[in-house]
Amino acid sequence: MSEIKITLPDGSVKQYQSGTSALQIAQSISEGLARNIIAAKVNGKVVDATLPVNMDADLVLLKWEDKEGKNTFWHSSAHLLAEALEALYPGVKFGIGPAIDAGFYYDIDFGDHKFTSEDFGKLENKMLELAKNDSKYERKEVSKSDAIQYFTEKGDPYKIELLQDLNDGEITFYSQGNFTDLCRGPHIPATSFIKAVKITSLAGAYWRGNEKNKQLTRIYGITFPKKSELDAHLLMMEEAKKRDHRVLGKDLEIFCFDDDVGPGLPLWLPKGAAIIERLEEFAKKTEKEAGYVRVKSPHIAKESMYIKSGHLPYYQDSMFPPMELDGTKYYLKAMNCPHHHKIFDATPKSYKDLPVRYAEYGTCYRYEQSGELFGLMRVRSLTMNDAHIYCTKAQFEQEFKAVNNLYLKYFKVFGIDKYVMRFSKHDPKKLGQKYINSPELWKETEDMVRNVLISAGIPYVEVEDEAAFYGPKIDIQIWSAIGREFTLATNQVDFAQAERFDLSFINEKSEKERPLILHRAPLSTHERFIGFLLEHYAGKFPLWLAPEQLIILPISEKYQEYAEKVLNVLKKHDIRALIDDRSEKTGKKIRDAEMKKLPLMLIVGEKEQAENTVSVRKQGGEDLGTMSLESLTDWINKEIETQLN
RNA sequence: GCCGUUGUAGCUCAGGGGUAGAGCACUUCCUUGGUAAGGAAGAGGCCAAGGGUUCAAAUCCCUUCAAUGGCUCCA
């Protein structure tokens, strides 16, 4: 037999017999290592650890700690779930069962049987029982006709449908115990790797994601190689739930919903409104410095405007139905851009006026499907940190860059670092349907955007079929506490609406020319941004943004008068403060202030009253000591200045 | 919009065919206490809404509304 050269990640090269598996290679290094090997990466491709290697290769041994290792582990767990289901409910039919970011799911057609969350325990136990059998995951290449025959005999129509799309020669089965599945692999060596199982939830899911298809039962689960890891995971999930903006928003009295107001229509309580005020102050100042001017527009407009803008055919389903007055239809605005275009068009423009930057915190209404509403992250009334920039082609790059820099500046202030910049492009197949049919302009503007991103050295991912109908965009993707992905902010190019609105400026040659338009909303909408910030800060807003910045805690009622004196001084300095005048002990007052996540606590008693000072405690416990009111206000101002720069 | 689950006090939840319970919060009183929970008493509910079954419904059934986990969709 021939020899092969295996290169390990540390660069070392070892010789093995051809046909040696990654697992055997691991064993040759150490038994302990081999026990932890879940899969292997051979020349960059993830494969079974037991697959024989027949050529010289770069080899990475994948463990649970590796992302691909977890992926393989969970994918194999989905097969174990299926095996358990088949044992418990003979005759169930299987859809697909992939690994996801945290765990796996399997789509099941239970036929007439009703599977409920009460069956979770039974299923978990069965999975653990089967795991203990230590069944090997065995790979087998099969011909397409054999594969179809197998599933026809078994009576699994979904698998047969999946097989139709596969080519003969690339089909593999994996078996463990009594269960065989159509699967590309790879898998863990044996079921005994799985030591802890948790079925997490149950949901309906359309077969192949199409709402016209039958709805299957999707069972979500997660597994671990150690019981302790499952416990840690469950604890983490509990913590994430506490961070959920819907929970914090209620606890901290930021916002609420009311049945009489309507779903997706948040009410801002005083503390929520205070945060909005801070955000707007900050945005208006920043935008002013960046050369924006502010405009204002009404909340409704005639149908004709949305026909002109081209929004109506794309957007009608997600707009509130129109009101009809004297035969004219009026829509609640779902976006601010057409209004801004009209403002641009209201006065003649010269090239000397450009770029024109119109900013507005504009409130829009979108009739999102009821099932899509999600706390503050998906709502039906939203106030956007909107602006539109009208510029020449020559100015485009600089403007686009400036907008990007603005984003980065904001992200620094808010400490936003876990995001992905997504360069969202059109899909050429959908020109004329989802996207304006101008292939050259798409190419041109997408190239411009890419160039800006590359020259600015900003990391990004390119994604097709995510653009706006009027042009490409950059989306900032973030994740909520419970792991749901959202677009926080967008920066969009628009080459279509200027044409539709017949917008123009007079260029140097005294000719009419169309401006390019940028749409941008770096601070998203108040709803989504505050929802995000609640989770991001876990409710502990920084001093500049906190609805209530500090609370004065008199040691006893005897110091109430002094506390009020302090309050008045602070109010004169525009500091948002209040007094806890309850007849409670200081420990209790501190605890309650901590629960409300107030950034600062001022303790005042005999000593402070005598010296005309306050004792300052930061949220979390840090003692800033005793200071005069003057040094406190100085300290606060400095702190805020640091936070905003 | 579709499928599953849930809806009991301001909040978190228990209960469950015979006219409602806890903890926290709230109010009052006692206490005047120095860096994460002092004590006592009190008040607070058409058990989401509507209909049905029943001698009797918060409890069982149906419809609606809302929330929630997904799917589809999206800033």
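The values are calculated or read from the model by the stated rules, or taken from the named source; none is laboratory data. A quick note: this is a predicted structure, and the numbers were derived from the prediction, not measured. Note that each Cβ is placed from the backbone with ideal geometry, even for glycine, and that neighbours are counted across all protein chains shown.
Matching residues to (1) more than 9 Å from RNA strand B (Cβ to nearest atom); (2) part of a helix (DSSP H, G or I):
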residue	(1), (2)
A:Ile552	yes, no
A:Gln560	no, yes
A:Lys571	yes, yes
A:Arg582	no, no
A:Ile590	no, yes
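Taking the listed residues A:Ser438, A:Ser480, the one that is surrounded by 14 or more Cβ atoms within 10 Å (Cβ to Cβ) and either of a type in the set (A, V, I, L, M) or over 30 Å from A:Lys241 (Cβ atoms) (or both) is A:Ser438, with no other qualifying.
Among the residues of the range A:358-376, those that are in a strand (DSSP E or B) and more than 8 Å from RNA strand B (Cβ to nearest atom) comprise A:Tyr358, A:Ala359, A:Glu360, A:Tyr361, A:Gly362, A:Thr363, A:Cys364, A:Tyr365. Among the residues making up the range A:244-256, those that are outside any strand (DSSP E or B) and within 11 Å of RNA strand B (Cβ to nearest atom) are A:Asp244, A:His245, A:Arg246, A:Val247, A:Gly249, A:Lys250, A:Asp251, A:Glu253.
Okay, residues lined up against (1) of a type outside the set (A, V, I, L, M, F, W, C); (2) in the same structural domain as A:Ala205 (by TED's automatic domain parsing):
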position: A:Leu216; (1), (2): no, yes
position: A:Pro225; (1), (2): yes, yes
position: A:Leu234; (1), (2): no, yes
position: A:Pro263; (1), (2): yes, no
position: A:Leu267; (1), (2): no, no
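Residue selection: A:Glu253 satisfies the criterion of being more than 21 Å from the chain's Cα centre (by Cα) and either modelled with pLDDT of 95 or more or of a type in the set (Asp, Glu) (or both). In the range A:429-447 there is no residue matching the filter, namely being within 13 Å of RNA strand B (Cβ to nearest atom) and within 21 Å of the chain's Cα centre (by Cα). Taking the criterion of being surrounded by fewer than 19 Cβ atoms within 10 Å (Cβ to Cβ) and in a strand (DSSP E or B), the residues of the range A:199-214 that qualify are A:Thr200, A:Ser201, A:Leu202, A:Ala203, A:Gly204, A:Ala205, A:Tyr206.
Do you know which residues across the range A:417-428 are of a type outside the set (D, E, K, R) and more than 14 Å from RNA strand B (Cβ to nearest atom)? Within the range A:417-428, A:Pro428 is the sole residue that qualifies.
Of note, A:Ile100 does not satisfy the criterion of being buried (at least 18 other Cβ atoms within 10 Å of the Cβ), closer than 30 Å to A:Glu229 by Cα and aliphatic (A, V, I, L, M). Output the residues belonging to the range A:383-412 that are within 16 Å of RNA strand B (Cβ to nearest atom), touching a Leu at 6+ places or on another chain (Cβ under 9 Å) and part of a strand (DSSP E or B). Listed by number, the residues that qualify are A:Met384, A:Asn385, A:Ala387, A:His388.
Yes or no: A:Lys241 assigned to a helix (DSSP H, G or I), in contact (Cβ under 8 Å) with a residue 60 or more places away in the chain and under 25 Å from A:Phe115 (Cβ atoms)? Here the answer is yes, as A:Lys241 does meet what is asked. Under the condition of being touching a helix residue (DSSP H, G or I) at 6+ places or on another chain (Cβ under 8 Å) and not hydrophobic (A, V, I, L, M, F, W, C), the residues counted in the range A:137-156 number 3.
Residue-by-condition table, conditions (1) in contact with a Ser or Thr (Cβ under 6 Å, 6 or more places away or on another chain); (2) within 15 Å of A:Val566 (Cβ to Cβ); (3) of a type in the set (Gly, Ala, Ser):
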{"site": "A:Arg591", "(1), (2), (3)": "no, no, no"}
{"site": "A:Met595", "(1), (2), (3)": "no, no, no"}
{"site": "A:Leu602", "(1), (2), (3)": "no, yes, no"}
{"site": "A:Gly605", "(1), (2), (3)": "no, yes, yes"}
{"site": "A:Ser628", "(1), (2), (3)": "yes, yes, yes"}
{"site": "A:Trp635", "(1), (2), (3)": "no, yes, no"}
{"site": "A:Asn645", "(1), (2), (3)": "no, no, no"}
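The set of residues in the range A:103-141 that are among the acidic types (Asp, Glu), crowded, with 17+ Cβ neighbours inside 10 Å and not in a helix (DSSP H, G or I) comprises A:Asp107, A:Asp109.
Applying the selection to the range A:596-645, what residues are under 30 Å from A:Ala283 (Cβ atoms), among the aliphatic types (A, V, I, L, M) and not in a strand (DSSP E or B)? Listed by number, the residues that qualify are A:Leu598, A:Leu632, A:Ile636, A:Ile640, A:Leu644. Close contacts from the range A:478-500, counting a first residue that is assigned to a helix (DSSP H, G or I) and a second that is within 11 Å of RNA strand B (Cβ to nearest atom) and at pLDDT below 90, with Cβ to Cβ under 7 Å and a gap of 6+ residues or different chains, come to A:Gln497/A:Tyr470.
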